[in-house]
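Following: one structure in structure tokens, then a few remarks.
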Amino acid sequence: MTADLDQLKQEILRLTRDYARRAHAAFRPGDDPDRTPHTDGQTIPYAGRVFTEDEVEAAVGTTLDFWLTLGSEGAAMESELAAFLGVRHSLLVNSGSSANLVAISALTSHRLPAERRLRPGDEVITVAAGFPTTVAPILQVGAVPVFIDADPITGNARCDQLEAAYRPGVTKAVMMAHALGNPFDLTAVLRFCRAHDLYLVEDNCDALGCSYSMPRELAESLGFTTNSPGLDEGPDRVIRWTGTWGDISTQSFYPPHHLTMGEGGAVNIIRDQKLKVVAESFRDWGRDCWCPSGKDDTCGKRFDWQLGELPAGYDHKYIYSHLGFNLKPLDPQAAIGRVQLRRLPEFIEARKRNWQTLREGLVATESVLEFSLPTHATGWDPAGGFSWDATGCRTDCSWFGFKISVKPDAPFRRTDLARELDAHRIGNRMLFGGNLVRQPAFVQLRADRPEALRVVGDLAGADAIMVDTLFLGTYPGLTAPMLAKEIAVIRAFCQA
């Protein structure tokens, strides 16, 4: 019977692969010869799923087993993602937004040192330009986001404002994103956090596969001695993936991101085992028990605990030490993610190539358009690439998007360019929420409770991003003809 079922399953999977090859050829990587060619008139998306029959087979195979809830595939992906990044643990969740919620919630745990624990009314420094769910969890746990400005060139925080944002005894953490796959100034942020004993939460949702390096002496002064796996710049430098420098970091696996589970995300615990325990508790209903689904008595004393005001011996599987959530993904999603994770190195390189192709193709528009620079870069030219500042720090970007800003003296505005791109069915997006403080939700919040957030300076850089900036895709599904069309449309518009 078992042999017959195994044979039947293998036949189903063989047919699944055949179906996927025929039905989903348009979603193969952009340089795959079996990919359906893009035809003029079709939309060029800014991002999307990139997969082959391997992912479909993985999803169907695990669905046939019908475990469904997070199980062996999830455990394997958590282990493989942590190994790729070189962090202590990765916990899968159902979205990047949930990852941010779990990460910031973990910092509120009573199990952390009292002087560092994030309590209602405490402050978390963040950046004004970005995606709202980097900031919303700060408010949702009762803390106060403190907004500093953004640099219109990098899209990242103006770290020269960190000290102005700091309040002794009140500031407990920094939480910000690496904008569009461009690492923020980790040296400045880490120095600041070390000086004031603050937690650093890296929102790495747009930046999986980006790296940051610094001279070894500097890295060691900040507590870092080793490179991330697979990254090596020799004995004089330390190079690590973004998402591995702070205390805790987050990932999104929504389709536009560097790999996809459909929906999904992860919380990465960089070093501190205690953060893993509390993050997992918040993800899993707030329970105290750490048994995985379908397992009992991992601790060996399921009926020997006495916590809270519960009677001694109360079932540990139903003891709750935090006010948590249920934010786990499904095991079939993890099966897809495991295949995607194996593709990540090629996806990273494709994003870099696509950014470079767009940048080289748009040199002629530099009089009216401003382009992003990686953090620590001071310039770019077609022959020599990037030039760098004197810090000795470098960034290597696995770009989430190709950022374009319309210069103030251009004869058109950002919205004019966006409409032109739309007319040619070229996908484009704003830099997410622009200046978040101007968003209706935050305007209403300030009207209802002015003390709920704090702003440092005039946020002129975030306003400039809001008014002048959009981005195109760099995702691995873009083909050479797609990129050529984007370049041609933008050049013609700028020269009109």
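Can you tell which of Ile426, Trp285, Ala103 lies farthest toward the positive end of the dipole of the chain, using +1 and -1 charges on the Cβ of basic and acidic side chains (Lys, Arg; Asp, Glu)?
Ranked along the dipole, the leading option is Trp285.
Quick check: at a probe of 1.4 Å, how many percent of the accessible area of the chain sits on carbon and sulfur atoms?
On the chain, the fraction of accessible area on carbon and sulfur atoms equals 54 percent.
Pop the C-beta distance of Thr43 and Leu310 into the FRET formula with R0 = 41 Å and round what comes out to the nearest 0.05.
0.10
Taking H as built 1.01 Å from N, whose amide H comes closer than 5 Å to the amide H of Met176, not counting residues under 5 places away?
Sorted by chain and number, the residues that satisfy this are Val201, Asp203.
Once phi is turned into ³J(HN,Hα) by the Karplus curve 6.51 cos²θ - 1.76 cosθ + 1.60 with θ = phi - 60°, what whole-Hz value does each residue of segment 376-390 show in order, with x for glycine and proline?
6, 7, 10, x, 8, 9, x, 7, x, x, 7, 9, 10, 6, 8
With both bridge residues required to lie in segment 147-248, what share of the DSSP beta bridges run antiparallel, to the nearest 5%?
Bridges in segment 147-248 that DSSP calls antiparallel: roughly 50 percent.
Calculate the spin-label point distance for Ala423 paired with Arg167, positioning each point 7 Å from the Cα along the beta-carbon direction, and give it in nanometres.
Between Arg167 and Ala423, the simple spin-label model gives 5.0 nm.
Mind listing the phi-derived Karplus ³J(HN,Hα) values for segment 14-29, rounded to whole Hz, using 6.51, -1.76 and 1.60 with θ = phi - 60°, and x for any glycine or proline?
For segment 14-29, the Karplus curve yields 5, 5, 4, 5, 4, 4, 4, 4, 7, 7, 10, 4, 6, 9, 6, x Hz.
Taking a probe of 1.4 angstrom, what is the accessible area of Asp197 in Å², to the nearest 10?
Its heavy atoms expose roughly 90 Å² to the probe.
At q = 0.08, 0.13 Å⁻¹, what log₁₀ I(q)/I(0) does a Debye calculation on the Cα points of the chain give, no solvent, two decimals?
Treating every Cα as an identical point scatterer, log10 I(q)/I(0) equals -0.52, -1.30.
Taking amide H atoms as placed 1.01 Å from N in the peptide plane, list the residues 5 or more away in sequence, or in a different chain, whose amide H sits under 5 Å from that of Ser372.
Correct list: Lys403.
Find the centroid of the Cα atoms in segment 86-146 and in segment 264-324, then give the distance between the two in whole Å.
Cα centroid of segment 86-146 versus Cα centroid of segment 264-324: 19 Å apart.
Classify segment 1-134 as rounded, prolate or oblate from the Cα gyration tensor: take a ≥ b ≥ c as the square roots of its eigenvalues, call it rounded if a/c is under 1.5, otherwise prolate when a/b beats b/c and oblate if not.
It comes out oblate by the Cα gyration axes.
With just the Cα atoms defining each centre, how far is segment 417-437 from segment 359-395? Give it in Å.
Cα centroid of segment 417-437 versus Cα centroid of segment 359-395: 22 Å apart.
Which percent, to the nearest 5, of DSSP beta bridges fully inside the chain are antiparallel?
Numbers: 37 of 56 bridges.
Around 65 percent of the beta bridges assigned by DSSP in the chain are antiparallel ones.
If I model a spin label as a point 7 Å beyond the Cα along the Cα-Cβ vector, how far apart are those points for Phe66 and Val467 in nm?
Here the answer is 6.0 nm between the modelled labels.
Which whole-number percent gives the relative contact order of segment 83-219, counting Cα pairs below 8 Å spaced six or more residues apart? Please report the intermediate quantities before stating the final value.
Details: 203 pairs, mean separation 29.0, N = 137.
The value is 21 percent.
Rounded to whole Hz and in sequence order, give me ³J(HN,Hα) for segment 483-496 from the Karplus expression 6.51 cos²θ - 1.76 cosθ + 1.60, θ = phi - 60°, writing x for Gly and Pro.
Going residue by residue, I get 4, 4, 5, 4, 4, 5, 5, 5, 4, 5, 5, 5, 8, 5 Hz, with x marking Gly and Pro.
Cα gyration tensor of segment 189-311, axes a ≥ b ≥ c as square roots of the eigenvalues: rounded (a/c below 1.5), prolate (a/b > b/c) or oblate?
It is prolate, given that a/c is not under 1.5 and a/b is the larger ratio.
Given a cut-off of under 8 Å on Cα pairs at least six residues apart, what relative contact order in percent is computed for the chain?
Working: 1036 pairs, mean separation 109.4, N = 496.
The normalised contact order for the chain reaches 22 percent.
Could you work out how much longer the chain between Glu220 and Glu80 gets when fully extended? Use 0.36 nm per residue separation minus the Cα distance between them, nm to one decimal.
Here the answer is 47.7 nm.
Give, in nm to one decimal, the length gained when the segment between Lys9 and Cys299 is fully stretched (0.36 nm per residue of separation minus the Cα-Cα distance).
Length gained between Lys9 and Cys299: 100.8 nm.
Once amide H atoms are placed 1.01 Å from N in the peptide plane, what residues at a sequence separation of 5 or more from Trp380, or on another chain, have their amide H within under 5 Å of its amide H?
Ser387
The values are calculated or read from the model by the stated rules, or taken from the named source; none is laboratory data. Given the structure is predicted, the values throughout are model-derived calculations rather than measurements. Neighbour counts run over all protein chains shown; Cβ positions are idealised from the backbone, glycine included. Each accessible area value is taken on the protein alone, full model and side chains, heavy atoms only, with ligands, DNA and RNA left out. Shrake-Rupley method; radii C 1.70, N 1.55, O 1.52, S 1.80 Å.
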